[in-house]
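*Asks:* This structure is in structure tokens; I'll ask about it shortly.
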Amino acid sequence: MADPSSYRPKPGQIPDSPGVYKFRDEHRRVIYVGKAKNLRQRVANYFQDLANLHPRTRTMVTTAASVEWTVVSTEVEALQLEYSWIKEFDPRFNVKYRDDKSYPYLAVTLNEEFPRVQVMRGAKKKGVRYFGPYGHAWAIRETVDLMLRVFPVRTCSAGVFKNAARTGRPCLLGYIGKCSAPCVGRVTPEEHRELAEDFCDFMAGRTGTYIRRLEKDMMQAAEEMEYERAARLRDDAEALKRAMEKSAVVLADATDADLIAVAEDELEAALQIFHVRGGRVRGQRGWVTDKVEAVDTSGLVEHALQQLYGEERGDAVPKEVLVPALPEDAEAVSQWLAERRGSQVSLRIPQRGDKKDLMVTVQRNAQQALGLHKTKRASDLTTRSRALEEIAEALGLDTAPLRIECYDISHLQGDDVVASMVVFEDGLARKSEYRRFQIKGFEGQDDVRSMHEVIGRRFKRYLQDKERTGEWEATPESAATAGPAPVPAATGPVPAPALTAVSPDDESEPREDDGRLKRFAYPPQLVVVDGGQPQVAAAKRALDELGIDDIAVCGLAKRLEEVWLPDDDDPVVLPRSSEGLYLLQRVRDEAHRFAITYQRAKRAKRIRSSPLDDVTGLGETRKQALVKHFGSVKKLRQATIDEICEVPGIGRRTAESVAAALAATAPAAPAVNTATGEIIEEDDGGSS
């Protein structure tokens with residue numbers, strides 16, 4: 001590990017102009033490439049106190065052994081040079097997107113004497129016009145089959161073409177009218193190239209011209225009583241329309257645009273691109289990348305733009321590029337795109353209308369792609385085994401933690417405080433073992449105290465189970481806390497005893513169908529809490545108070561993905577590519593999801609509650625009728641029984657029940673503004 005101060009440039013040595021810089025390791029390999037408006041300011045940021053650097057940046061500067069730079073004239077030149085160097089040196093610490101699969105394109109080989117329409121994959125070739133990418137090759141073939149009626153371009157291979165030219169007989173497509181048969185001279189090279197260019201124009205979105213032309217020729221043929229020709233033109237127009245229908249219309253103004261969306265977490269990012277031409281989605285592709293450098297959404301977008309359009313020219317760069325966040329040097333990137341297209345390119349964030357709605361769809365696809373990538377990664381048995389071994393090694397455990405429990409606290413500004421417990425066994429989620437907790441020991445916001453309460457309640461129940469089965473015996477001194485005696489690890493299921501002194505509304509203990517309470521059957525080998533040192537200390541203290549000393553505890557701090565252990569002042573930093581870190585992160589994220597889902601449901605239920613809910617026999621329809629008649633629950637509370645009876649469907653007995661329920665829930669005293677002495681009027685009209 002190198003000391004960055006050993007290769008730090010001298011003060012004033014770095015120019016303050018735009019440029020591109022390279023970090024090299026001790027073997028002179030380029031490990032990172034970056035650009036800057038001001039080289040002096042940007043490069044100097046890498047040589048500050050290591051504790052202030054992002055962990056990934058810290059790893060990069062301690063791996064490097066030297067830094068060098070190249071001065072350029074403009075920011076656009078810096079962008080171009082950065083892309084060239086990333087492509088040339090393939091630096092390990094730069095974000096590089098790679099296709100999660102090989103997408104097929106519809107290609108027209110305009111670089112040949114007789115252009116050919118075909119399906120192509122892999123690197124793009126010069127002189128070939130590409131359309132797509134498509135999700136499946138069969139989608140391309142269906143589209144081409146429909147369009148060959150109108151644009152009978154050659155689709156055969158070079159061998160078939162030469163054989164037909166040698167024998168003087170075209171292939172089957174030539175006989176059925178789906179190829180103009182240039183191989184046997186039915187059309188000249190110039191006429192065939194014109195057909196290929198018309199095919200490209202139609203695929204590029206200029207569809208209306210050809211359909212209108214076919215319909216005009218059809219009407220003219222019908223007027224001249226050439227009915228067979230008119231029918232053929234009608235079928236050609238219908239074929240083009242069906243080809244268009246295979247691409248859904250998403251933008252009504254025939255827009256040419258690429259929409260880019262990013263879904264990311266601390267370790268990985270997924271990118272989705274929709275290619276819209278003529279208002280229709282002509283292609284879609286997706287990338288997944290490891291976040292090997294400290295980069296935010298705008299940085300991910302900039303890297304994506306470089307790799308998307310770095311090799312493109314002309315119409316391959318659309319008029320509009322819609323992104324979720326603008327790059328840091330948005331003006332320079334826009335100018336760079338404009339140079340590649342040859343005309344102005346709009347780079348912006350959609351704010352409203354159809355484009356914003358479509359961006360939501362692209363974002364949803366990106367989220368699904370990231371989730372699918374994680375699912376595939378998690379489902380691999382070898383990967384899960386390696387992840388558990390890495391966790392055991394990093395935390396100093398004797399064995400791999402086959403059962404991991406993770407806890408998270410959720411609330412909204414101190415209200416509706418809840419907690420979640422999720423369980424992973426052998427690296428996979430076991431949702432039947434999930435539990436939810438309401439914080440009952442106190443009110444208000446205190447995540448540390450909440451974590452202590454939840455861990456204590458969970459393992460106190462576990463000790464009660466062990467005591468009832470005779471696997472553990474409580475001492476008299478420990479009766480109040482379920483005992484301090486060490487608890488042996490469970491080796492199998494325990495018969496479910498009937499727990500006593502448990503509140504029936506405790507949501508951490510769902511009931512079986514026969515009324516028996518479920519129990520926490522097994523102890524985990526590892527308890528993970530969402531948080532840093534304070535939460536870890538609280539969890540460990542709760543276990544110590546119960547006399548449990550054979551369960552490991554750690555915390556995962558979300559900001560830097562650091563793993564904290566009890567009584568350690570410094571965190572354990574797992575490598576970015578560690579499968580163990582990935583598994584811990586997935587466990588933590590699942591606990592957070594489960595907790596916040598419960599908290600939102602609890603809050604929504606509280607907001608929707610009304611004093612009228614307690615009136616027996618009063619349904620939703622009559623509750624709404626009461627509130628609508630009086631205007632609010634406050635005014636309903638002030639009404640007499642006779643006035644309540646005036647509401648259609650409300651009898652006297654029901655009116656008396658309503659009045660009694662509202663009287664029981666009436667506020668004890670009006671709220672007063674202590675600054676002015678004014679009485680604050682109650683308005684609970686929306687509480688029902």
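*Asks:* Just to be sure I follow: if Rg is taken over the C-alpha atoms of region 257-377 and Rh is the Kirkwood radius over the same atoms, what is Rg/Rh?
*Replies:* Rg/Rh: 0.95.
*Asks:* Any idea how far apart residue 297 and residue 111 come out in nm if each label point goes 7 Å out from Cα toward Cβ?
*Replies:* 3.9 nm
*Asks:* D for region 98-204, whole µm²/s, Stokes-Einstein with Kirkwood Rh over alpha-carbon pairs at 10 °C and 1.306 mPa s: what number?
*Replies:* 111 µm²/s
*Asks:* Using a 1.4 Å probe, what is the accessible area per residue for region 609-664, in Å²?
*Replies:* 57 Å²
*Asks:* Still on this model: In region 98-204, what percent of the accessible surface is made up of carbon and sulfur (1.4 Å probe, ligands and nucleic acids excluded)?
*Replies:* The C+S portion of the solvent-accessible surface of region 98-204 is 52 percent.
*Asks:* Rule-of-thumb check for region 11-89: C-alpha Rg over 2.2 N^0.38 Å?
*Replies:* Against the compact-globule rule of thumb, the ratio is 1.07.
*Asks:* At 0.36 nm per residue, minus the direct Cα-Cα distance, what do residue 227 and residue 428 gain on full extension? Give it in nm, one decimal, please.
*Replies:* 65.6 nm
*Asks:* Per Stokes-Einstein, at 20 °C and 1.002 mPa s, what whole-number D in µm² s⁻¹ belongs to region 297-352, with the Kirkwood radius over Cα pairs as the hydrodynamic radius?
*Replies:* The calculation lands on 192 µm²/s.
*Asks:* Can you work out D for region 609-664 in µm² s⁻¹ from Stokes-Einstein, where Rh is the Kirkwood radius over C-alpha pairs, the temperature is 4 °C and the viscosity is 1.567 mPa s?
*Replies:* 120 µm²/s
The values are calculated or read from the model by the stated rules, or taken from the named source; none is laboratory data. On a predicted model such as this, the values are computed, not experimentally measured, just so you know. FYI the Cβ positions are ideal-geometry reconstructions off the backbone, even for glycines, and counts take in every protein chain you see. Ligands, DNA and RNA are excluded from the accessible area calculation, which covers all protein heavy atoms including side chains. Shrake-Rupley method; radii C 1.70, N 1.55, O 1.52, S 1.80 Å.
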